[in-house]
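Input: a single structure, listed below in structure tokens.
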């Protein structure tokens, strides 16, 4: 079943001097519980596409549908609510709040975005920290963690709201190989357990080789869709 549908999506950014087309007439579908990579050189439109899927930006033309909702028809407040209920984010630089502990960083979306009661927040946070192997680090601050540990905390934070989709922009770029493979293993485990769809924008072959579907972008256009052996298995 298709979770995401993009139909004839174009995104144009207007500067003082000229217009820049970041995404060109792009159509695609992504199924539930997929492990998908957007690949291509810098400037190919990968990050713009993640922003459109994350309801952080809107297409100039075309439609973006997620779970049957055409999200570009929602107003700003409706998009923020939809994003908080359906989409998680993992970033290259982790984006953990340095003044909060590991536990508090993962808990943060539950009272800032979803207003979950305290007891339920604690239950969810502890369960996810256990699943990503960070329960014993729950009282540490980000500056006391390795890069791989920080990214596992970021994965827990992205999943704590039970999103349908997690969008990850170069999530392993700042990690050594051992840490990167550990994070990828955690992502697979979370997808298999929760049925979450993971979508990556990446140059990292370590991520690409784990993808089930690979979309290759060039100059904002979709050049190729490849279903890998992992996707066929």
Given the criteria out of contact with any helix residue (DSSP H, G or I) (no Cβ under 7 Å at 6 or more places or on another chain), surrounded by fewer than 17 Cβ atoms within 10 Å (Cβ to Cβ) and at pLDDT below 95, does residue 104 qualify?
no
First in segment 129-155 and on the phi > 0 side of the Ramachandran plot, second anywhere and buried (at least 19 other Cβ atoms within 10 Å of the Cβ), Cβ under 8 Å, 6 or more apart
133/152; 133/186
Note down all Cβ pairs under 7 Å where the first residue falls in segment 191-205 and is without any contact (Cβ under 8 Å) to a residue 60 or more places away in the chain, the second is in a helix (DSSP H, G or I), and they're at least six residues apart or on different chains.
194/159
Considering only residues that are part of a helix (DSSP H, G or I), within 11 Å of residue 37 (Cα to Cα) and under 15 Å from the mean Cα position of the chain (by Cα), which ones fall in segment 177-233?
207, 208
Search result, residues across segment 147-176 that are within 21 Å of residue 32 (Cα to Cα) and surrounded by fewer than 21 Cβ atoms within 10 Å (Cβ to Cβ)
161, 162, 163, 164, 169
Where a residue in segment 82-96 is crowded, with 21+ Cβ neighbours inside 10 Å and its partner, wherever it lies, is in a strand (DSSP E or B), with Cβ under 7 Å and at least six apart:
87/165; 87/167; 88/166; 90/166; 90/168
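The values are calculated or read from the model by the stated rules, or taken from the named source; none is laboratory data. These numbers were taken from a predicted model, which means no experiment stands behind them. Positions of Cβ are generated from backbone atoms using ideal geometry, with glycine treated the same way; all protein chains shown enter the neighbour counts.
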